[in-house]
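K.L.:
First the structure, which I've put down as structure tokens, then a few questions once you've had a look.
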Amino acid sequence: MLDIADSGHPECCSALIAHKLSRLNLDIAALSEVRLHEEGSLKEHGAGYTLYWSGKPKTERHLSGVEFMLKNSIASKLENLLTGHFDCIMSLRLPLHNKQHVVLFSVYAPTLQVDPVEKYNFYTDLHRLTQKIPADDKITILGDFNARIGKNSEVWKGVLGKHGVGNCNDNKRLLLEFCAEQQLTITNTIFQQKDSLKATWIHSQSKQSKQSSLTMS
């Protein structure tokens, strides 16, 4: 979680994140739980990145929020402004070669404890948004799905690779069914990596790990 809003100095936090991305040589990052209200952007000139975010209205408590951080050289190629659909989904469309495009989503799915109706609504909204994308566009969804998807690649062929981690939790069914319906693959289960790189979060008591899922067509 990157609590930019509560720090009182979003510009300083944005600069810190930008410099970290620069050291890692990353062009695009999708971040969640940034807790910034409404929609906006902030250009960080030092490291050369621009921050875009989507959150709840100012009248509501900000518990989630999603964002993209793009290198300024890539941000300048955007044909349209980024679209904040909700406080947990936003998207951008980038031109590729030969008049093709890729649509990127930054998402933050409901946690395990959230009411099932809210979880269903999240995937319904995401499904509706992906269905609006032109058929020739590529789709990449980045974010935190708050799901442990396990290792059952034989059952979920085309969705799961052989390098998943941990046991499944109740959120995994919604994610896997969504990917199967949309013909998406959870790509961070495809490539073999060190155990320390497979998970983005480890519970302090149970030591169970969670993969932040990246899916793409």
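K.L.:
Are there trypsin sites (Lys or Arg not before Pro) in the stretch 31-119 that DSSP marks as loop and that have at most 15 other Cβ atoms within 10 Å, and which are they?
P.N.:
Numbers: sites: Arg35, Lys43, Lys58, Arg61, Lys71, Lys77, Arg93, Lys99, Lys119; in loops: Arg35, Lys58, Arg61, Lys77.
Sparse-neighbourhood loop trypsin sites (Lys or Arg not before Pro): Lys58, Arg61, Lys77.
K.L.:
Okay, next question. Among the lysines, which fall within straight-line cross-link reach of Lys194, defined as a Cα-Cα distance under 16 Å, with same-chain neighbours fewer than 8 residues apart omitted?
P.N.:
Reachable lysines: Lys151, Lys162, Lys210.
K.L.:
Here's a follow-up. Near Lys99, which lysines are there with a Cα under 19 Å away, not counting those fewer than 8 places off in the same chain?
P.N.:
Result set, ordered by chain and number: Lys77, Lys132, Lys138.
K.L.:
So how far, in whole Å, is the C-alpha centre of the stretch 120-179 from the one of the stretch 15-44?
P.N.:
Result: 24 Å between the Cα centres.
K.L.:
Check cross-link reach from Lys58 to the lysines: straight Cα distance under 16 Å, and skip same-chain residues fewer than eight apart.
P.N.:
Straight-line reach from Lys58, under 16 Å: no lysines qualify.
K.L.:
Can you tally the net charge around Gly84? Count Lys and Arg as +1, Asp and Glu as -1, for every other residue whose Cβ sits under 12 Å from the Cβ of Gly84.
P.N.:
Counting the neighbours of Gly84, the net charge comes to -3.
K.L.:
Within the stretch 125-167, report the trypsin sites (Lys or Arg not before Pro) that DSSP leaves as loop and that have at most 12 other Cβ atoms within 10 Å.
P.N.:
Values: sites: Arg128, Lys132, Lys138, Arg148, Lys151, Lys157, Lys162; in loops: Lys132, Arg148, Lys151, Lys157, Lys162.
Hits after loop and neighbour filter: Lys132, Lys157, Lys162.
K.L.:
Identify the GluC sites (Glu not before Pro) of the stretch 68-170 meeting these criteria: DSSP loop state and at most 15 other C-beta atoms within 10 Å of the C-beta. Walk me through the numbers before you get to the answer.
P.N.:
Values: sites: Glu79, Glu118, Glu154; in loops: Glu79, Glu154.
Here the GluC sites (Glu not before Pro) that fit, given the DSSP loop and packing criteria, are Glu79, Glu154.
K.L.:
Return the long-range amide H neighbours of Ile141 (sequence gap of 5 or more, or a different chain), with a cut-off of under 5 Å between placed amide H atoms.
P.N.:
Long-range HN contacts for Ile141: Phe105, Thr215, Met216.
K.L.:
Tell me, what ³J(HN,Hα) does each residue in the stretch 184-190 have, in order and in whole Hz, if you take phi through Karplus 6.51 cos²θ - 1.76 cosθ + 1.60 with θ = phi - 60° and put x for Gly and Pro?
P.N.:
These are the phi-based 3J(HN,Hα) values: 10, 10, 7, 6, 7, 9, 7 Hz.
We did not get these values from a lab; they are worked out from the coordinates using the rules stated. Just so it is clear, the structure is predicted and the values come from calculations on it, not from any experiment. Quick reminder, even Gly has a Cβ in these numbers, built from the backbone with ideal geometry, and neighbours come from all protein chains shown.
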